[in-house]
Amino acid sequence: MTLDLVIKGGTVATASDVFAADVGVKDGRIVAMGESLEAPDVVDASGKLVLPGGIEAHCHIAQESAAGIMTADDYYTGSVSAAFGGNSSFVPFAAQHRGMGVTQTLDLYDGRAAPNSVIDYGYHLIVADPTETVLKDELPAAFARGVTSFKVFITYPLMKIEDRQFLDILAVAKAHGAVTMVHAENNGMIEWMGEQLMNAGHTAPRYHAPSHPALAEEEAIHRAICLAKLVDAPLVIVHVSTPEGAEIVRRARADGAKVWAETCPQYLFLDKSDLDRPGMEGAKFMCSPPVRDARTREALWKHLQTGTFTLWSSDHAPYRFDETGKLSNGPDAPFKKIANGMPGIALRLPLLFSEGVNAGRITLQDFVALSATNAARLYGMHPKKGTICIGADADIAIWDPKLTRTVTAADQHDAMDYTPFEGMSLTGWPVTVLSRGRRIVDGGELKAERGSGAFISRGLPEIAGRPGYKAPELDPAHNFGAEIAP
Ligand code: URP
Ligand code: ZN
Ligand code: ZN
Ligand code: ZN
């Protein structure tokens, strides 16, 4: 067989193994691994790491916030920035807002993504309006078109669903094998704390942190897991920001609940001292849940090292530091009126490589699991995406583990005017990124055509083998013999 391309002389790593091999590509897929492979097109990877292309599983691209503010990045700039950061796929959100249908929402996002994305993409569907039609017809239709993960909010007045609506969505998700993600913070606590602070005249960005207390996350994670356990549905707790929340997930997993946790770089690399920068600068560091303190950062690193977190995502939510974004309600708007979220899609992996792998906190295999494999497995893309094996898409990131660079906003290739990680010195960077065998980034340059990314029709999450929990009340034997849905 004649190969199209060979990646020669590198060290290949997967979530389980590290070995020296050439990787042969034909028709966009990995078809050979071995010694001395030959092809007309060669990528020299000597001294480099050959890793599965990253999968960014939590980012906000061409998405309106509930308050109607559009993210700075569209599917072109967002995907370009992701590619420079070592990613060959991403799964942003398609957000249903109240009054919108689900099919209408997915069609809208197809129009935004297909002509623009340079990497392969799917969507997590945000369900904010679970009407009877949505539950009965539209969620199954979304599943059938390859959108196999749903996200809900139990906070934010314009997005939040009630507990019993959450159960309805979990039950539909379970029936189809979809996985549900939740933004878990207690809405009442956040509104009440915000009111106390605002009434006392505390309006600066720094007050964003106390307005989202750790207890709000703790309560909501516990409640969300209980709801999921009642119907035995798989659940992902996104952007966990506290050790208290992480502990709850760890314990629930030990009890057999089908629950997974995600965390994000900002919770391990930044803290509330950043919110306290002079003037409105702190607004650049506002996200929800908020960045916390030094104790939290250390505790979350421990959880990452010991396996509590299955997912490591950027939560890239890009709002510029100007009147189109953070300052859209004026140059000194109170914290309650400032868009939440920060950029970071190009730095998710370099931050973890430098401070995780190079600093000796995690192994290279852990890095691969957190950068791609776990997301591929949980979100129904494995083994086509997320690993290096025969038959997989040739989605590959070639890393120089010794290259040191200082982070600047200009190097992000996004549509933003700042990065919260400005000035950090990181060692270990992706130098060449392939998507289905095509070079999309090489030698510091973009090689991909706008719109060359393809929709990833996703399948079932790989959750087989994990013990399930069934609430005794749903077991007919304990329930007067009655069969109860689901
Ligand atoms: O502050 C954040 N993270 N904004 C994005 C929306 C979300 O909750 O993920
Ligand atoms: Zn969220
Ligand atoms: Zn988010
Ligand atoms: Zn698999």
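Details
- Over the stretch 198-314, the Kirkwood radius and the radius of gyration, each from Cα atoms, give a ratio Rg/Rh of 1.02.
- For the pair Ile463 and Lys402, label points projected 7 Å from Cα toward Cβ lie 4.5 nm apart.
- When the pairs Lys48/Lys447; Lys160/Lys384; Lys26/Lys385; Lys160/Lys302; Lys258/Lys337 are compared against a 26 Å limit on Cα-Cα distance, Lys160/Lys384; Lys160/Lys302; Lys258/Lys337 fall above it.
- Screening the chain for whole DSSP H helices of 30 Å or more along their axis (Cα) with average Kyte-Doolittle hydropathy at least 1.6 returns none.
- Each of the peptides 444-456, 48-60, 18-30 was scored by the mean count of other Cβ atoms within 10 Å over its residues; in descending order, highest first, they stand as 48-60, 18-30, 444-456.
- Percentage relative contact order, the stretch 221-345, counting C-alpha pairs under 8 Å, at least six apart: 25
- Distance histogram in 10 Å bins (all Cα pairs of the stretch 280-341, percent per bin): 20, 41, 24, 15, 1
- A dipole drawn for the stretch 355-451 from +1 and -1 charges on Cβ atoms has a positive end, and of Gly423, Ala394, Val357 the residue lying farthest that way is Ala394.
- For the chain, the share of DSSP beta bridges that are antiparallel, to the nearest 5, is 50%.
- About its Cα centre, the dipole of the stretch 1-125 is roughly 280 debye, where the only charges are +1 on Lys and Arg Cβ and -1 on Asp and Glu Cβ.
- Counting every other Cβ atom within 10 Å of each residue's Cβ, Ile440, Ile248, Ile345 order from fewest to most as Ile248, Ile440, Ile345.
- Think of each Lys and Arg Cβ as +1 and each Asp and Glu Cβ as -1; about the Cα centre, that makes the dipole of the chain roughly 500 debye.
- Using 0.36 nm per residue and subtracting the Cα-Cα separation, the extra length available between Asp4 and Met70 on full extension is 19.7 nm.
- Gained length - His97 relative to Glu445, 0.36 nm times residue gap less alpha-carbon distance: 121.6 nm
- The orientation-averaged projection of the convex hull spanning the C-alpha atoms of the stretch 31-158 amounts to 10.7 square nanometres.
- Pairwise centroid distance, computed over Cα atoms, of the stretch 224-285 with the stretch 379-457, Å: 25
- Global size of the stretch 239-377: 16.1, 49 Å for Rg and Dmax (C-alpha atoms, Rg to one decimal, Dmax whole).
- By the helix-only formula, in which each DSSP H run with n ≥ 4 contributes -39500 (n - 2.57) and the sum is divided by residues, the chain has a 222 nm mean residue ellipticity of -7000 deg cm²/dmol.
- The chain: proportion of alpha-carbon pairs further apart than 42 angstrom, %: 13
- Extended-chain gain in nm, criterion 0.36 nm per residue less alpha-carbon gap, Arg361 and Glu35: 114.2 nm
- FRET efficiency, Gln305 to Ser273 (Cβ-Cβ, R0 35 Å, nearest 0.05): 0.90
Computed from the coordinates by the stated procedures, all read-outs in this text should not be read as laboratory data. Just so it is clear, the structure is predicted and the values come from calculations on it, not from any experiment. Here Cβ is always computed from backbone atoms with ideal geometry, including for glycine, and neighbour counts include all displayed protein chains.
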